[in-house]
Amino acid sequence: LLGVAYPIVQGAFGGFDSQRLTAAVSAFGGLGAFGANALEPALITDTIAELRALTDKPFAVNLWVSTEDDAARTSDAAAFERSRAALTPHFRELGVALPEYRRKPSMSFPAQARAVLDAGVPVFSFIFGVPPAEILQECRSRGVVTLGTATNPDEAIALERAGIDAVVASGFEAGGHRGSFLGRSEDSLLGTLALVPQVRDVVSVPVIAAGGIGDARGAAAALALGASGVQIGTALLACEGSGATPAHRDAISRQRYTPTRLTRGFTGRLARGLDNTLMQTLERDGVETLPYPLQRGLVRALTSAAESAGRADLTVMWAGEAAGLSRTRDAATFLDQLVTELAPIAGTLVTWSAQRTRRET
Ligand SMILES: Cc1cc2nc3c(=O)[nH]c(=O)nc-3n(C[C@H](O)[C@H](O)[C@H](O)COP(=O)(O)O)c2cc1C
């Protein structure tokens, strides 16, 4: 389906990707991915041209179907000031002026999707919803493979009904945002071990397991659960050449356990990152969180200053629960080890899980 040598997909990292890492994963024989949710259409076109210059292998471009919470449309300056109050001591500490309330138009998914389709990408992946029928229809007629993200079995059914080609089943161990789109994210906190077989049981398209897979043991477990492939985020984010800062990469692959937590504080939508001072400030009782993307804009004003000042404790450190497994900082070495360890048992696992599914249906 994807035209790759190995059933390994790089998780897209909206805002933390690099063309270099995407191309490295594709060159290895996996599916490199690039998160373009924060890019204007013209930049998406340029980025895809750069990717094509770096690799002739298939890659995915990823967008967010929903780019704004409904509540963002009615949020006002007073709400902004209440949320900003929690961060005021940190702005002062960094010697940065307090950001003022300012409304910016949100990204337009249809305009971004237009750029993705016109550039003729091999694979179009998305999160936070099901794209409009005419966009999916155009993908089919152009031969673009589509991957949609589900955080519960109902979302997987909705994606399959819309005609997507494969479902990414994303367990709550995953780094970054929960891509939930039916109901509240807090009601779809299934772990990968429970989610993948439940999704496998309700759809007939291939399932790609995501969340908490940091080495061949996790990948083998996912195949045994009925996944046809794995999507890996955090372990690749920790590799040289990813779009994360060196401090962020170091924090992920620190050799000692650091807790990760789900919070709405960083952006307004539920997402998993490493616990740090900023997360604790935003999670304090009584602190108000703005809807997405307003909270993201507010927090970014602080974190860009914190990054320049080398204050990792006040930046957003996205990471999933498998962060503690990240040992290898070179993407090709990491993938080579994964494939070498997985290859001898992968066929058996896939056959076993297919037999089991057939018995049940
Ligand atoms: C920094 C970061 C940014 C992410 N951005 C996106 C995104 O824009 N779109 C998306 O579909 N998934 C996104 N994800 C989720 C990953 O694509 C992937 O599914 C997840 O990281 C897999 O779980 P793992 O981190 O446990 O390996 C992001 C993850 C991280 C860590």
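A short reminder: the numbers here are calculations on the coordinates, not readings from a lab. Since the structure is predicted, the reported quantities are computational estimates derived from the model, not experimental observations. All Cβ positions, glycine included, derive from the backbone under ideal geometry; neighbour counts span all protein chains shown.
Side notes on the structure shown:
- Nearest-ten-degree value, helix 77-93 long axis tilted from longest Cα axis of the chain: 80
- Coordinate range along principal axes, alpha carbons of the chain, Å, largest first: 59, 47, 42
- Remark on the stretch 245-361: ratio of C-alpha radius of gyration to 2.2 N^0.38 Å is 1.44.
- Estimated distance in nm for a label pair at L54 and V202, the labels positioned 7 Å out from Cα along Cα-to-Cβ: 3.6
- Length gained on full extension, T333 to R184: 49.8 nm, using 0.36 nm per residue less the C-alpha separation.
- Helix axis angle, 133-142 relative to the chain longest principal axis, alpha carbon, degrees: 50
- Considering the stretch 136-180, its Cα convex hull presents a mean projected area of 3.3 nm².
- Rg ratio for the stretch 1-129: its Cα radius of gyration over 2.2 N^0.38 Å, N being its residue count, equals 1.31.
- For a label point 7 Å along the Cα-to-beta-carbon line of A42, residues of the stretch 96-134 with backbone N under 17 Å: 105, 107-108, 111-116, 119
- Rounded to the nearest 10 degrees, the inclination of helix 19-28 to the longest alpha-carbon principal axis of the chain is 20 degrees.
- Label positions at D285 and D250, each projected 7 Å from the Cα along the C-beta direction, are separated by 3.6 nm.
- Relative contact order, percent, the chain [alpha-carbon distance under 8 Å, six or more residues apart]: 18
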